[in-house]
Amino acid sequence: MRRNHSTTPRTPRVLGALLLAAAGVLTLGAAPGARPAAAPVPLGRVVPAPASVTPGGTPYHITRATGIHVDGSAGVRGVGAYLAGLLRPSTGYPLPVTDHGSGGIRLHLAAGDFGAEGYRLHSGAGGVTLTARTPAGLFHGVQTLRQLLPAAIERRTVQRGPWPIAGGTVQDRPRYAYRGAMLDVSRHFFTVAQVKRYIDQLALYKINELHLHLSDDQGWRIAVDSWPRLASYGGSTQVGGGRGGHYTKADYREIVRYAASRYLEVVPEIDMPGHTNAALASYAGLNCDGTAPPLYTGTQVGFSSLCVSRAVTYDFVDDVVRELAALTPGRYLHIGGDEAHSTSHADYVTFMDRVQPVVARYGKKVIGWHQLTGARPARGALAQYWGQDGTGAAEKAQVAAAARNGTGLILSPADRFYLDMKYTRSTRIGTDWAGLVEVKRSYDWNPGAYLAGVPASAVKGVEAPLWTETVKSSADIEYLAFPRLAGAAELGWSPAAAHGWNGYKVRLAAQGPRWTALGIRYYRSPQVPWPS
C-alpha cells in the first residue's frame, strides 16, 4: 500500500524520537531521567528456530506481581518450580507457583496437535500461556520463554530489569524424536556435578538424549557388582595417566534422575568387542590367552578385543548389561561396535548375534555405531553413523541398505558433528583427524538428505558426540561444544525449511551474551557476528 507522506519538515528532535520509537525504546510519559524500556527479544530470535512464529500484540512484562500458574499434575508443578528457579535469582521477584489465579505465566496441559514434545506459547499484555500435551512439551516451551527474556535473566544475582516478553504466538514441535549429545567420560573422567552442568546446557537447546560413553581402552566408569575390578582397577586411570574415577551406582542413578528432571533420557554405552582394554586389564579371563594386558593411557584405537570364542565373555556381557539395564529407565543401551580392528569379521558377526539378544532380554533397544550394519542389526536397532563426506562408497552403501531394510539411523558425521574436532588449526584443544570443523560447516547440512539411498523416514535423529582425548575440564567441554552444539540442536529440532546459515548466524550471535551470563566460555567464531 502506498502511504501519503506529510510535507512538514521533520526536525532532528522529531526524527530522533521516531527512531527511538521504531527501536522500541521510547517510553511515553516517562519521568525525566527514567530508564527507557528495553525492546523485547523478537519471537523468532531463538535457537532452535521454532516451527511457526506469529508476532503481534502488546508485550507482557514480568513484574513483582507475576505468579506462575500451573495445572494440578505433579509434572506441570515440577516444570513450574523449575521456571521459578530460573527466574527468581535475576529478577528478585517471589514468582509464587500456584494452581489458582489468572494472568502472569500459565503452564497448561491440553489436547492438541503438539506431539510428545511440542508446545504453544502465547504472549500478550495480560500474561503468557504455555500449552502442551505433556510436561516435556511445557519444559521445552520454558526454554523458548527464557530465550525471549534479556540475557541477564540467566544470572544468579539480582539484575536491573525490565523483563519484557514480546507479544504473539509460537507454535512448535521437533523434527526428530532423537536429539542427542554424547559425552565421553572414559578418556577423561568427569564428576557427577560436571555432567549435571552439561545436562543443564543441553536442556536449554531442547536436546533430549544424553549418551554417556562409559567404557573404553582408557577407563571403565560404572560400578558393576558382579565384576568389581572393572571400576576399581579398570577405572583407576585415564588418558595421560591421571587418577581416573568411576560412578557408583548411586552416582549413576543421580545422573539419570537429574537428566530426567530436564527431560533428557540417558543412553549408556558399553563399547564392545573393541575399545575394551580397561576390561581386559581388569580380568585376565576375558583375554584369549588368559593374560591381562597393562592399563592403557594413550589414544590409539583398534588394538583391543574381547575373546569372542570364550563362554566367559558372554557371562561378562550378560552381567554388565543386566546391571546397567536395571539402573537405566530409558529405552536404549548402546553396545558400541566401532573400530573392532582386532576382531575378525566372522567373529564380529558372531559376537553381535549373541549380544543383541542380551540387550533385548533386559528390556532395552540396541544402538550401535554404524559398523553394526556390517553384521545383522536386530529388529528395532538404531545404527549411529559417524562417517564423513569422504567415507568410502561401499561403507555408505552398506549403511543405506540396512536403512532400507528397517534399521533406523542416528546421524553423527565426524566432519560435521564431532564436537572434539578443532575449529581451526590454532584451536587450543581438540583433534583434527576428521578435518577442521568451523561453525558454518557444522550447521550447514541437511540430515534428511545426507546419505544417498537412505529414506528420509529412516533418519530418527542426530547426535553431537564429544570425545575427550584432549578435554579435561568443564571449560574445555564448553569451548568445544559452544557454539556448535546449538547448531546440532537446531538441525535436530527445527523444520528443514527453517534452516539457513544467514539467518541462523544472527540468531546464534544473540546467544553469546546469554552464554556469558551463564558462565559458558565459548569460542567466538569469526564466522558469527557476535555483539561487541
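The values are calculated or read from the model by the stated rules, or taken from the named source; none is laboratory data. All values reported here derive from a predicted model rather than from experimental measurement. Using ideal geometry, Cβ is built from the backbone for each residue, glycine included, and neighbour counts are taken over all protein chains shown. SASA here: full protein model, heavy atoms, side chains in, ligands and nucleic acids out. Shrake-Rupley method; radii C 1.70, N 1.55, O 1.52, S 1.80 Å.
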- Task: With label points built 7 Å along Cα→Cβ from the Cα atoms of His108 and Lys249, find their separation and express it in nm.
- Result: 4.5
- Task: With a 1.4 Å probe and every protein chain left in place, work out the accessible area per residue of region 216-347 in Å², rounded to a whole number.
- Result: 37
- Which percent of the accessible heavy-atom area of region 55-94 goes to carbon and sulfur, probe 1.4 angstrom? 61
- Item | Alpha-carbon spread of the chain, three principal axes, descending order, Å | 94, 47, 43
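Report Rg(Cα)/(2.2 N^0.38 Å) for region 229-289, keeping two decimals.
On the way: Rg = 14.3 Å, N = 61, 2.2 N^0.38 = 10.5 Å.
Ratio of Cα Rg to 2.2 N^0.38 Å: 1.36.
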- dims of region 334-461, Cα set, principal axes, largest to smallest, nearest Å -> 47, 32, 29
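Full-extension gain between Arg376 and Arg257, please, as 0.36 nm times their residue separation minus the C-alpha to C-alpha distance.
39.5 nm
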- Cα point-scatterer Debye curve for region 81-232, base-10 log of I(q)/I(0) at q = 0.15 Å⁻¹: -0.88
- Phi angles of region 203-210, converted by Karplus (6.51 cos²θ - 1.76 cosθ + 1.60, θ = phi - 60°) into ³J(HN,Hα) in whole Hz with x for Gly and Pro, give 4, 4, 10, 6, 6, 10, 10, 10
- Take region 158-220, drop everything but the C-alpha atoms, weight them equally and run the Debye formula without solvent; then report log10 I(q)/I(0) at 0.27 Å⁻¹ to two decimals. -1.14
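Region 238-372: percent of C-alpha pairs farther apart than 23 Å? Working shown, then result.
Values: 3349 of 9045 pairs.
Tail fraction, whole percent: 37.
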- Placing each pseudo-label 7 Å from Cα in the direction of the beta carbon, Arg404 and Val312 end up separated by a distance in nanometres of 4.5
- Item | Stokes-Einstein D in µm²/s, Kirkwood radius over Cα pairs - region 374-532 at 37 °C with 0.692 mPa s viscosity | 198
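Which value, in Å², gives the accessible area per residue of region 445-531 when a 1.4 Å probe is used on the protein heavy atoms?
Working: 2730 Å² over 87 residues.
Accessible surface, normalised per residue, equals 31 Å².
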- Which value in nm describes the separation of the simple spin-label points at Cys288 and Ala360, placed 7 Å from the Cα toward the beta carbon? 2.8
- Note on the structure: Probe 1.4 Å, heavy atoms of protein chains only: per residue, the accessible area of region 47-181 in Å² is 37
- Query: Roughly what % antiparallel, to the nearest 5, for the DSSP beta bridges in the chain?
  - Reply: 30
- On the accessible surface of region 324-377, probed at 1.4 Å, how many percent belong to carbon and sulfur atoms? 51
- How much length, in nm to one decimal, is gained on full extension between Thr431 and Ala452, taken as 0.36 nm per residue of separation minus their Cα-Cα distance? 4.8 nm
- Item | Two-decimal log10 I(q)/I(0) for region 93-132, as the Debye equation yields it once each C-alpha is a single scatterer, q = 0.14, 0.30, 0.32 Å⁻¹ | -0.36, -1.06, -1.12
- Item | Accessible surface of region 393-433, 1.4 Å probe, proportion on carbon and sulfur as whole % | 47
- Message: For a Förster distance of 35 Å, can you work out the FRET efficiency between the beta-carbons of Ala65 and Thr516, rounded to the nearest 0.05?
- Response: 0.75
- In deg cm²/dmol, rounded to the nearest 500, the helical mean residue ellipticity at 222 nm of the chain, built from -39500 (n - 2.57) for every DSSP H run of length 4 or more, is -9500 deg cm²/dmol
